[in-house]
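Derivation of every value follows stated rules applied to the coordinates shown; laboratory data play no part. On a predicted model such as this, the values are computed, not experimentally measured, just so you know. Neighbour counts run over all protein chains shown; Cβ positions are idealised from the backbone, glycine included.
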């Protein structure tokens, strides 16, 4: 069997997702800094507060992904309703964060913070797990 037709191992998938998440973090930092520099108002505190809020929410979502998605090393919850709801949690989380961003008129910082939080947790946990060989 050719080496190009073999499936990726879970460790390889964790490594690829972790590395891609790690590569996105500097891009998100550049987007946030560019956004605050381009703001017309001299007070950048509301944008950074919205960013930090979304960063925490994104980190919680990243923790949930790592805990409950099997390819990331998590365990699927046993009850069927919880498994069904778990599929929609990331989508609902992103929609809620976007709605909050729209309400506070800080959609870019909130979206950037959410993605940065998810990517930071995924990068840290998945790279650690893939390098440990778990």
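Things to note:
- Taking 0.36 nm per residue of separation and subtracting the Cα-Cα distance, full extension of the segment from residue 31 to residue 88 would add 17.8 nm.
- On Cα atoms only, tilt of 89-103 relative to the major axis of the chain in degrees: 10
- Subtracting the Cα-Cα distance of residue 45 and residue 99 from 0.36 nm times their residue separation leaves 17.5 nm of extension gain.
- Computed [θ] at 222 nm, deg cm²/dmol, the chain (DSSP H ≥ 4; -39,500 (n - 2.57); rounded to nearest 500): -26000 deg cm²/dmol
- On the beta carbon distance between residue 60 and residue 131, with R0 = 25 Å, the FRET formula returns roughly 0.55.
- Degrees between helix 10-38 axis and first principal axis of the chain (Cα, 0 to 90, nearest 10): 10
- Degrees between helix 107-132 axis and first principal axis of the chain (Cα, 0 to 90, nearest 10): 30
- For the pair residue 23 and residue 5, the difference between a 0.36 nm per residue extended length and the Cα-Cα distance amounts to 3.8 nm.
- Take the Kirkwood radius over Cα pairs of the chain, plug it into Stokes-Einstein at 4 °C and 1.567 mPa s, and you get 80 µm²/s for translational diffusion.
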